[in-house]
Ligand code: FAD
């Protein structure tokens with residue numbers, strides 16, 4: 001009887017425990033479902049959909065080489081998994097675990113059905129270095145602060161990555177007709193804005209491993225300082241590959257060797273932030289829609305939140321649009337937003353500055369920024385994106401204090417000292433074509449601090 005391996009955000013054949021278990025068990029069939037219909041599942045943003053299309057193309061090539069068929073389907077997962085298992089007479093079902101509440105509910109439903117139907121069903125840890133329920137704070141439950149979380153986690157040794165399975169384990173029997181990749185409707189049609197993404201990225205595990213190897217041999221040595229420099233490409237650029245599971249965190253962890261140098265330790269702790277975001281998301285499924293610090297529910301935003309609550313709605317829409325389009329008159333913010341629009345990625349330092357500017361200088365709710373990033377980032381994930389937005393906004397569990405407000409001009413001088421990054425993304429900078437500053441930094445900073453002070457006083 002064939003075994004079904006249900007692939008989700010783990011689009012690789014190396015270090016894929018569920019795939020390994022399936023080929024050990026018998027003849028494997030891989031199933032991928034684009035599920036945007038099950039309750040509570042957040043539909044993908046546009047840039048992420050573009051990435052997924054190309055990542056699935058690359059995955060199909062890798063599976064073809066192993067002789068393992070890939071079935072694609074769009075729709076509610078529970079229904080599709082059941083029907084597929086029944087149609088091919090599957091004897092077993094394997095997957096790597098996921099951590100969102102809605103996703104886990106779907107998985108639990110399928111597990112219960114499969115057990116009842118007499119199928120062997122088994123899930124594995126593959127996408128995180130830790131299982132969020134296994135690492136608990138001294139008081140029990142979730143860690144709220146990064147440093148002790150990472151101290152506890154990084155003291156462990158993580159398992160070595162698994163090799164890809166050998167060829168000859170694919171199911172060769174009759175299979176029902178499934179969807180073609182194009183019918184998943186993942187690519188933009190008109191206008192096709194994806195040219196810049198294609199210039200900047202090659203999705204898929206092969207390109208991911210190449211990038212990892214280049215980083216380990218090159219940028220890693222300078223990472224500790226280089227990571228903060230948007231003008232130098234000083235970070236690894238691995239985030240979309242990790243987001244889509246083209247690389248596993250175990251592969252990255254072992255390739256980097258966290259104890260080899262100070263830079264390697266700093267890099268490993270960034271992987272730790274990824275873990276921490278998922279830890280928070282697991283414990284707070286409403287991370288993208290609810291302030292973790294509830295006093296922020298009463299923050300006097302200039303613009304309502306995503307659900308339309310609060311806010312003075314006094315023309316901030318114009319400001320939100322200027323921010324999205326990189327026309328605020330603050331070059332570091334604008335360069336970042338243009339980099340994002342063009343390539344689907346923004347440097348971390350610039351993400352922090354652009355986010356702080358939206359929330360604190362424009363007084364716009366962090367959820368509107370989170371949604372924009374969700375739609376435009378190729379690495380947008382349901383844990384890291386809202387967790388980082390809440391961190392910047394000051395409303396998160398382990399947030400940067402609200403009164404720490406980035407000055408985009410000071411940040412520009414410090415992290416792009418020769419203006420290279422600005423010149424790359426804003427060719428008209430310094431000419432009359434470049435927009436004037438849409439707000440006064442000093443006044444808006446004071447307004448944000450006053451609003452925050454008012455919030456504290458009302459507690
Ligand atoms: P590197 O510096 O090379 O880091 C290596 C890896 O560590 C990254 O690939 C990523 O997987 C992880 N990592 C690094 N920093 C963080 C962090 N702060 N939080 C979580 N993981 C981290 N990252 C995402 O992967 N998806 C998102 O949706 C996302 N949204 C963000 C939104 C905001 C407002 C901010 C400030 C940051 C966000 N980040 C997000 C975190 C970070 O900016 C990116 O992970 C990083 O820029 C990716 O580039 P890199 O791979 O070169 O990073």
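Checking 197, 220 one by one, the residue that is part of a helix (DSSP H, G or I) and closer than 19 Å to residue 44 by Cα is 197 and no other. Look through region 390-403, keep the residues that are within 27 Å of residue 47 (Cα to Cα) and free of Cβ contacts under 8 Å to residues at least 60 places away in the same chain, and return whichever of them is farthest from the ligand (Cβ to nearest atom). Once the filter is applied, the top-ranked residue is 391.
For (1) at pLDDT below 95; (2) closer than 25 Å to residue 48 by Cβ, each residue gets a yes or a no:
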site	(1), (2)
227	no, yes
251	no, yes
268	no, no
294	yes, no
299	yes, no
304	yes, no
310	yes, no
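Any residue at all in region 371-378 that is in contact with a helix residue (DSSP H, G or I) (Cβ under 7 Å, 6 or more places away or on another chain), near the ligand (Cβ under 9 Å from one of its atoms) and part of a helix (DSSP H, G or I)? Yes, some residue in region 371-378 is in contact with a helix residue (DSSP H, G or I) (Cβ under 7 Å, 6 or more places away or on another chain), near the ligand (Cβ under 9 Å from one of its atoms) and part of a helix (DSSP H, G or I).
Being within 9 Å of the ligand (Cβ to nearest atom) and closer than 16 Å to residue 55 by Cα narrows it down to one of 235, 239, so name that one.
Details: 235 fails: closer than 16 Å to residue 55 by Cα.
Result of the check over 235, 239: 239.
Within the option set 124, 149, being under 25 Å from residue 384 (Cβ atoms), modelled with pLDDT of 95 or more and in contact with a strand residue (DSSP E or B) (Cβ under 6 Å, 6 or more places away or on another chain) holds for one residue only, 124. Could you go through region 337-344 and let me know if any residue there is within 16 Å of the ligand (Cβ to nearest atom), at pLDDT 95 or above and outside any helix (DSSP H, G or I). Yes, there is a match, as at least one residue in region 337-344 is within 16 Å of the ligand (Cβ to nearest atom), at pLDDT 95 or above and outside any helix (DSSP H, G or I). Checked against (1) at pLDDT 95 or above; (2) under 28 Å from residue 238 (Cα atoms); (3) in contact with a helix residue (DSSP H, G or I) (Cβ under 8 Å, 6 or more places away or on another chain); (4) away from the ligand (no atom under 11 Å from the Cβ), residue 406 passes all but condition (4). Given the structure, is residue 208 assigned to a helix (DSSP H, G or I) and either more than 14 Å from the ligand (Cβ to nearest atom) or in contact with a strand residue (DSSP E or B) (Cβ under 8 Å, 6 or more places away or on another chain) (or both)? So residue 208 does not fit the description; no.
Beta carbons closer than 7 Å, at least 6 apart along the sequence or on distinct chains, never pair a first residue in region 358-373 that is assigned by TED's automatic domain parsing to the domain that holds residue 49 with a second that is assigned to a helix (DSSP H, G or I) and modelled with pLDDT under 95.
Matching residues to (1) within 15 Å of the ligand (Cβ to nearest atom); (2) assigned to a helix (DSSP H, G or I); (3) more than 21 Å from the chain's Cα centre (by Cα):
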{"site": "252", "(1), (2), (3)": "yes, yes, no"}
{"site": "258", "(1), (2), (3)": "yes, no, yes"}
{"site": "265", "(1), (2), (3)": "yes, yes, yes"}
{"site": "269", "(1), (2), (3)": "yes, yes, no"}
{"site": "275", "(1), (2), (3)": "yes, yes, no"}
{"site": "279", "(1), (2), (3)": "yes, yes, no"}
{"site": "282", "(1), (2), (3)": "yes, yes, no"}
{"site": "286", "(1), (2), (3)": "no, no, no"}
{"site": "289", "(1), (2), (3)": "no, no, no"}
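Residue 208 fulfils the conditions (1) in contact with a helix residue (DSSP H, G or I) (Cβ under 8 Å, 6 or more places away or on another chain); (2) within 20 Å of residue 74 (Cβ to Cβ) except for a single criterion, (2). For region 89-115, residues that are more than 25 Å from residue 381 (Cα to Cα), touching a helix residue (DSSP H, G or I) at 6+ places or on another chain (Cβ under 8 Å) and in a helix (DSSP H, G or I) total 2.
The values are calculated or read from the model by the stated rules, or taken from the named source; none is laboratory data. Quick caveat, the model's predicted, so the values are computed rather than measured. Positions of Cβ are generated from backbone atoms using ideal geometry, with glycine treated the same way; all protein chains shown enter the neighbour counts.
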